[in-house]
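Just so it is clear, none of the values below were taken in a lab; they were calculated from the coordinates. This structure is a prediction, so every number in the text was calculated from the model and none was measured. As a convention, Cβ positions derive from the backbone with ideal geometry for all residues, glycine included, and neighbour counts pool all protein chains shown.
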Amino acid sequence: MIRVLIADDETLVRAGLRTLVEQQPGLEVAAEARDGDEALERLGEGIDVGLLDVRMPKRSGIDVLRALGERPQAPPCLLLTTFDDREALLAGLRVGARGYLRKDVTVATLTRAVHVLHSGGTFFQPSLTEKLLRRVHERQERPDPAELVEPLTSRETEVMRLVASGCSNREIGEALGTAEATVKVQVSSILSKLGVRDRVQAVLRVLESGLI
């Protein structure tokens, strides 16, 4: 069983999320929290994945993530939001969010996100990152190419757009008609060129600087 913590200051939201989560095979709500302090206290041993509301009393979901950064064995956490919020998404990425979803997502998407985080991956709602990428493009913000060790190829740019949309290597391969192993190599090359360690930092880099 994947043990989940739900942190939200609205009782009805917590109850709804609990019902949805516990209807899914393999998932269990192990704890609930009404504010950020309770969330931080209960995100200890026994919690596999945390679902954190972005805006909570005492500590926001982002403040909770910042505090968890000091715990080496902290569980992966996903931020939940009611609105499309660019600043909250970027702030969450900076402090270690492994996922970001609107509260109106489907049960299937939420379930998938929990499983992906539990397996060590990341999950960002495609509609959110696509909107942010589009806004960056519309503002025509472009970094100095000299910042990159080597510019992204056209195929790597396609791959990075799909990474930013929350796609796995398998899904990227299916979308582009290439092998999953090839996508893995391309993602590794992208991380190297961007000078980052993982996909989360890569998404943060492209959202902040408009590299794609």
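For the chain, what relative contact order do you get, as a whole percent, if you take Cα pairs closer than 8 Å and at least 6 residues apart?
Details: 330 pairs, mean separation 32.8, N = 212.
Once normalised by length, the contact order is 15 percent.
Counting only C-alpha contacts under 8 Å and six or more residues apart, can you give the relative contact order of the stretch 66-110 as a whole percent? Mind dumping the intermediate values first?
Working: 35 pairs, mean separation 20.3, N = 45.
Across the stretch 66-110, relative contact order equals 45 percent.
Within the listed set 72, 25, 57, the residue fluctuating most in the Gaussian network model of the chain (springs between alpha-carbon atoms under 10 angstrom) is 72.
Using just its DSSP H runs of length 4 or more, each adding -39500 (n - 2.57), the chain gives a mean residue ellipticity at 222 nm of -15000 deg cm²/dmol after division by all residues. Annotation: the residues 154, 189, sorted from fewest to most other C-beta atoms within 10 Å of their own C-beta, follow the order 154, 189.
Ranking 201, 75, 117 by Cα position along the charge dipole of the chain, where only Lys, Arg, Asp and Glu carry charges on their C-beta atoms, puts 201 farthest toward the positive end.
Taking θ as phi - 60° and the Karplus parameters 6.51, -1.76 and 1.60, the scalar couplings of the stretch 97-109 work out to 4, 9, x, 7, 9, 6, 6, 9, 5, 6, 4, 4, 5 Hz in sequence order, x denoting glycine and proline. Is the stretch 2-123 rounded, prolate or oblate when judged by the Cα gyration tensor, a ≥ b ≥ c being the square roots of its eigenvalues, rounded requiring a/c under 1.5 and prolate requiring a/b larger than b/c? Taking the square roots of the gyration eigenvalues as a ≥ b ≥ c, the stretch 2-123 is rounded. Once you reduce the stretch 160-209 and the stretch 69-118 to the center of their Cα atoms, the two points are 18 Å from each other.
The shape of the chain comes out prolate: with a ≥ b ≥ c from the C-alpha gyration tensor, a/c is at least 1.5 and a/b beats b/c. For the options 158, 38, 87, a Gaussian network treatment of the chain with springs between C-alpha atoms closer than 10 Å singles out 87 as fluctuating the most.
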